[in-house]
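Bear in mind that the values in this text are calculations on the coordinates, not laboratory data. Model, not experiment: these values are computed from the prediction. Here the Cβ positions follow ideal geometry from the backbone for every residue, glycine too, while neighbour counts run over all protein chains shown.
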Amino acid sequence: MDVNSYLNVLFVEAAALAALFLIGLATYRRSIRLIHVIERALARLARRRALSGVLIALFAFALSASLSLLGRMPEPEVHDEFSYLLAADTFTHGRLSNPPHPMWVHFETFHVIFHPTYASKYPPGQGLTLALGQILTGYPIVGVWLSTAVASAAVYWMLLAWVPAWIALLGGIMTALHPGVQYWSQLYWGGQLGMIGGALLFGALRRILRRPGVMDSILLGIGVAILANSRPYEGLLVAVPIFAALLIGAVRNRPLTPNVFRRTVLPIAVVLLVTLFGMGFYNLRVTGNPLRLPYMAHEEEYAVYPFFIWQQPRPVPTYRHKVLSDYHLVWEGDWYEPTKSLSGLINVTLEKLRRPWIFFQGIHAMRLVLAIPLFFLPWSFTRRRLRFVCAGAVFFAAGVLLISWGGARLWAPITGALILIYLDGFRRMRLLRIGGFQIGRLLAWSIVFVAIGTFGLELRQRMQDDAPRWYFERARIRDQLEKDGGRHLILVRYGPDHSPLLEWVYNAADIDGSKVVWAREMNPSADKELLDYFKDRKLWLLEVYDDTQLPRLIPLTTSKP
C-alpha cells in the first residue's frame, strides 16, 4: 500500500471518528444514555464469566471459519506453513518423525530436516494443533480456527485478573474481532499458541500473587509448556519477568511455607518436568539426541547467518539446489548484513518494529485513530502493576530485536500484555471529563464503533479476494491430479530469477504413499535414478520460469528431455 492509500485510510477513519463524536455531542443525553445501556448489558453478561469466555471462543471460531468458508479455503504459502503441515501429517500418522527417504536430495526444501529422520525443524506445538484439525475433520485449518478461539478466550481470562470484568469482556470481543488475529486464523503458521501461552502466564501471575492456587499454578506451567513447544526463545523472554515477579512476591509477602510450596512451586515444577521429559523424548526420536533440537540440526546443516545479530556467520555449506543458497545466503543475509553498521542496524530495527505495529494496529500502518488510547498511558503508569506489564513488554521487545530477522509472529507471546496496556489507556480515556461533559466516554465508544466498522471492511475485503496466487495454482494442480486417479511425480524446474520465497517442492509425511509427489529437477543422472525409483508413476514437468505468471505443467515420457 502506497503513501496515498495510507493517508486515505487515515482520512476515512478520522472522518468517521469525528462524525461519530460530533453526533454524540449533538445528541449528548441520548448518546450517554445509550452508552450506559451498552455498558450495563456488558456488565450483566460479564458477571457470568464462564459463559462470557465460551461466547468469546465461539465468536472467534465462527469469525475464523466464515472467512475461509465464505471465501477461499486457505492454502499454505510461506515455507513455515508447509513445514508445520509436514509435522501435522506426521503426527496424524501416529509418528513423531519419518524415516529418511532414499531420494531425499530431490525433495530437499526449506525448514525441513532429512536426516537422521525426515521431519519439520520446528517445535511440535503448531503441528499438533494442525493435526487436531486434520484428525477431527480432515482439514488442518480447523485446528487453526480452534486455536484462535482458545487464544481469544485465554486473553479474556488473562484480562479478568487485571481489569474490571466488563472491560475484560470488551477486550475479549475486540481480540476476536482484531483483523491481525483473524489474519493469523487463515494461516497455518499463526501466532495463536504464543498468544495462549503468554496470556496464561500473565493471567496466572496476577492470581497467584493475589491468592496462590493449585489450578492457577498448573495453568502457569501449561503456559510455559505451550511457549516452549511453539516459540521457545520468545517464550523465555515472557517467562523471565513473570518468574522474577513471583520470586519477588514470595520474598516480600509470604514465606515459603509447606502450604505455599504445595499450591505453587510443586504444581509448576511437575508440569515443567513433564514438559522437559516430553521435549527430550521428541528430540530423541527426531534427531537421535534428547538435547538436540530439530531446529539446531537444521541450522547446522543449512544456515550461514546466526540467530542473534551479535553472533558470527558460519562457514557456507554445500548447497545442492540454487533456491536453497539464494534463501540462506541472500534473503537471510539481507536481514543480517546491514546490522554490521550503525545506520543499517537502525534501519533493520525500525523495520522489525514496523511489522508488529502494522499487525497490531490492524494491517494499516497509519491506523493512528485507533491508537488514541495510547496517549493516555502516562496516567496509567501511576499503577505499579501496569508499570510491571509495560516493563515486561519492553524487556520482551529488547530481546526480540536481538534476533537477526523480524516479523509480527515473533511478538505473539506478548499479545495479551499489549492488549492489556491498550485497554488501560482506553479506561483512562473513558474517564476524561471536560466541563462536566463525559467527553472520554463519547470518544472511547466512537473508537470502538470505528474499530468494528473498519475491521468489518477489512474482513469483507479479504473474503472477496479472488486474485490469482501461485499457491492456489499449486493446490489446483495437486487436487486435479489426485482427482484424475493414479500416482504422479512432478519434476519442478525453476527459471534463473525464481524467488526462493515461492517454493513448490513440499511433500507429505509418507512420500511413497502420496498420490502426488513433488521433486526438484537436478542433472540427467540424478534424475534418472529418481525416475527409476518412481517408475510406476505418471511423470510431469512443471516449468516455473516467471513468478509473475502461472507455470506450465507438461506430461513427460520415461526418457526425460
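Helical runs (DSSP H, four residues minimum) scored at -39500 (n - 2.57) apiece and divided by the length of the chain put the mean residue ellipticity at 222 nm at -19500 deg cm²/dmol.
Measuring r between the beta carbons of LYS483 and LEU401 and using R0 = 41 Å, the FRET efficiency lands at 0.30.
Once you have a ≥ b ≥ c as the square roots of the Cα gyration tensor eigenvalues for the range 470-556, tell me rounded if a/c is under 1.5, and otherwise prolate or oblate according to whether a/b is larger than b/c. Here the range 470-556 falls in the oblate category. Between the residues LEU276, ILE208, SER68, the greatest Cα displacement towards the positive end of the dipole of the chain, with unit charges on the Cβ of Lys, Arg, Asp and Glu, is found for ILE208. Extension gain for ASP326 to TYR545 (0.36 nm times residue separation, less C-alpha to C-alpha distance): 77.3 nm. The order of ILE32, ILE173, going from fewest to most other C-beta atoms within 10 Å of their C-beta, is ILE32, ILE173.
Report the Cα centroid-to-centroid distance between the range 16-31 and the range 40-91 in angstrom, as an integer. First find each Cα centre; the distance between them is then 34 Å. Less than 5 angstrom separates the built amide H of VAL516 from those of HIS488, all sequence-distant by 5 or more or on a different chain. Peptides 326-332, 142-148, ordered by how many other C-beta atoms sit within 10 Å of their residues on average, highest first, read 142-148, 326-332. Charge dipole (Cα centre; +1 on Lys/Arg Cβ, -1 on Asp/Glu Cβ; no other charges) of the chain amounts to roughly 3420 debye.
Shown for the chain: lysine pairs separated by 8 or more places, or found on different chains, whose C-alpha atoms are under 22 Å apart, numbering 15. Which stretch or stretches of the range 153-191 have amide N atoms under 13 Å from the point lying 7 Å from ARG47's Cα along the Cα→Cβ direction? Answer for the range 153-191: 166.
Ranked by how many other Cβ atoms sit within 10 Å of their own Cβ, fewest first, the residues ILE23, ILE196, ILE434, ILE226 fall in the order ILE434, ILE23, ILE226, ILE196. Placing unit charges on the Cβ atoms of the charged side chains and taking the dipole of the chain about its Cα centre, the candidate lying farthest along the positive direction among LEU418, THR382, ILE173 is THR382. A Förster radius of 41 Å, combined with the Cβ-Cβ distance separating ALA62 from ASP532, puts the computed FRET efficiency at roughly 0.20. Short-range pairs are left out: with C-alpha atoms under 8 Å and at least six residues apart, the relative contact order of the chain is 18 percent. In the chain, Rg over Rh equals 1.00, where Rg is the alpha-carbon radius of gyration and Rh the Kirkwood radius from pairwise Cα distances.
In terms of the mean number of neighbouring beta-carbon atoms within 10 Å, the peptides 197-210, 174-187 order highest first as 197-210, 174-187. FRET efficiency for ARG469 and PHE381, Cβ-Cβ distance as r, R0 = 51 Å, nearest 0.05? Between ARG469 and PHE381 the formula returns 0.70. Based on the convex hull around the alpha carbon atoms, the range 128-259 presents an average projected area of 8.8 nm². Sequence-ordered 3J(HN,Hα) estimates for the range 215-225 from the Karplus curve with 6.51, -1.76 and 1.60 and θ = phi - 60° stand at 5, 5, 5, 5, 5, 4, x, 5, x, 4, 4 Hz, glycine and proline given as x. Highest-first packing order for the peptide set 158-170, 519-531 is 158-170, 519-531, based on the mean count of other beta carbon atoms within 10 Å. From least to most packed, judged by other beta carbons within 10 angstrom and beginning with the fewest, PHE381, PHE243 follow the order PHE381, PHE243.
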